[in-house]
Amino acid sequence: MLSTLFYLTLIAGPAHHATMPCCDMPPHSRPAGQSSKVITPKNIEPDLAGMALIPSGTFWMGIEKANLPDAGPVHKVYVHRFAIDKELVTNDQFAAFVKATGYVTVAERKLDPRDFPGVPIASLKSGSVVFTAPRQSVPLDNPSNWWRYVPGANWKHPLGPWSNIAGKGKYPVVQVAWEDANAYATWVGKRLPTEAEFEYASRGGLDRKLYGWGNELTPHGVWRANIFQGHFPDRNTCEDGFSGPSPVGSYPANGYGLYDMTGNVWEWCLDWYRPNAYSGSHGRVVKDPRGPLTGFDPDEPNVPKRVQRGGSFLCSDQYCVRYMVGARGKCDPNTATNNAGFRCVISGQ
């Protein structure tokens, strides 16, 4: 995924290009800089209210499709029981965290000129990357056709300084980088889910299915998730009812009582991303995998990435089918976008 430096360079003048094979996610963002605070849990015991208890079990992880080469081979995984938030973390919940701790998100922090050589000081304004639909059909090989670096965009102003979250307390918080999500999880005495935990929970007890409700995307013609319909990226027909993020719980829960495990916004996972993360399974049952020790993306070898799961309101079968339950996403941990959020888990409940 391309960097904030990429977008600031476009603003400043000279342009360069990089690859972005993965659908609706924008390029990687700027260095996170100095963390604003050391976050400690607010309570000794985390609150299990609003969480679902997921039983221990074995499932087939991944999906084998030619257009999803990093999601195979399908292999057996055992996951020990855990608890997971039924819903994505909301704006109201994140606001309570910020109020209590004074935490400053990555997108709100001052940019260091040393991290952006060649970019004029005047262009170094705090912000983040925002999906901006083009007015007409555009080639799908250049993500800068629909992603823009917007100064002043952050979790309180997800589309830019002119926007706000008034009346959207029950919408998922977005424009949070991995560090921000991890800080919130620490504060509530939880953690981010592993990739295996996320997929196991997403399946809702249904093994080897394309979606958390079966193999049909729209059973009986009903949309079960918030994704992109129409012509990507310029025309969203909103057949599912939403053009952007939807309030948490807008679609039916899966078999474990979890909402929005497919679509709405991407969700940060604990694991580092590597495209061959599943290659060492060799027919054995892998127990509670935590992913590789370091991240590597051959498309951007110098940018280690974390896994994201679930897809978002921008996933489209014309460009990205990573809303499928076995599919994987990837993102630089310092990226904040208006289509990514998170939920938390607790081990061994």
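The values are calculated or read from the model by the stated rules, or taken from the named source; none is laboratory data. The model shown is predicted, which means the values in this text are computed figures rather than measured ones. Backbone-built Cβ (ideal geometry, glycine too); neighbour counts: all protein chains shown.
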Inset, instruction - Consider residue 314 carefully, then state whether it is outside any loop (DSSP other than H, G, I, E, B) and modelled with pLDDT of 90 or more. - result: no
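Matching residues to (1) part of a strand (DSSP E or B); (2) within 22 Å of residue 134 (Cα to Cα); (3) at pLDDT 95 or above; (4) of a type in the set (A, V, I, L, M):
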| residue | (1), (2), (3), (4) |
| --- | --- |
| 228 | no, yes, yes, no |
| 242 | no, yes, yes, no |
| 248 | no, no, yes, yes |
| 251 | no, no, yes, no |
Legend entry - Residues located in the range 103-127, provided they are of a type in the set (Gly, Ala, Ser), in a helix (DSSP H, G or I) and in contact (Cβ under 8 Å) with a residue 24 or more places away in the chain: 107, 123
Legend entry - Selected residue (criterion: surrounded by the most Cβ atoms within 10 Å (Cβ to Cβ)) from residues of the range 323-335 that are assigned to a loop (DSSP other than H, G, I, E, B) and modelled with pLDDT of 95 or more: 323
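From the list 159, 140, pick out the single residue that is modelled with pLDDT under 95, among the aliphatic types (A, V, I, L, M) and either assigned to a loop (DSSP other than H, G, I, E, B) or within 20 Å of the chain's Cα centre (by Cα) (or both).
Result: 140 is the single residue among 159, 140 that is modelled with pLDDT under 95, among the aliphatic types (A, V, I, L, M) and either assigned to a loop (DSSP other than H, G, I, E, B) or within 20 Å of the chain's Cα centre (by Cα) (or both).
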Inset, instruction - Name the one entry in 49, 66, 96, 100 that is in a helix (DSSP H, G or I), free of Cβ contacts under 8 Å to residues at least 60 places away in the same chain and either surrounded by fewer than 20 Cβ atoms within 10 Å (Cβ to Cβ) or aromatic (Phe, Trp, Tyr) (or both). - result: 96
Inset, instruction - Considering only the range 252-296, state which residues are of a type in the set (D, E, K, R) and closer than 16 Å to residue 59 by Cβ. - result: 284, 287, 288
Inset, instruction - Go through the range 114-130 and give me each residue that's touching a helix residue (DSSP H, G or I) at 6+ places or on another chain (Cβ under 7 Å), surrounded by fewer than 21 Cβ atoms within 10 Å (Cβ to Cβ) and closer than 22 Å to residue 178 by Cα. - result: 116, 124, 126
Inset, instruction - Go through the residues of the range 22-42 one by one and say whether even a single one is acidic (Asp, Glu), modelled with pLDDT of 90 or more and either surrounded by 14 or more Cβ atoms within 10 Å (Cβ to Cβ) or not in a loop (DSSP other than H, G, I, E, B) (or both). - result: no
Legend entry - Among the candidates 178, 268, residue that is under 27 Å from residue 97 (Cβ atoms) and in contact with a helix residue (DSSP H, G or I) (Cβ under 7 Å, 6 or more places away or on another chain): 268
Inset, instruction - Look through 288, 317 and report the one residue that is exposed (fewer than 15 other Cβ atoms within 10 Å of the Cβ), touching a His at 6+ places or on another chain (Cβ under 7 Å) and not small (Gly, Ala, Ser). - result: 288
Legend entry - Of all residues making up the range 242-266, the number that are of a type in the set (Gly, Ala, Ser) and farther than 16 Å from residue 198 by Cβ: 5
Inset, instruction - Write out, first by first residue and then by second, each pair whose Cβ atoms fall under 7 Å of each other, whose residues are 6+ apart or on separate chains, and whose first residue, in the range 137-162, is free of Cβ contacts under 8 Å to residues at least 60 places away in the same chain and among the β-branched types (Val, Ile, Thr) while the second is crowded, with 16+ Cβ neighbours inside 10 Å and assigned to a loop (DSSP other than H, G, I, E, B). - result: 150/160
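Of the residues 166, 183, 133, which single one is under 29 Å from residue 299 (Cα atoms), small (Gly, Ala, Ser) and assigned to a loop (DSSP other than H, G, I, E, B)?
133
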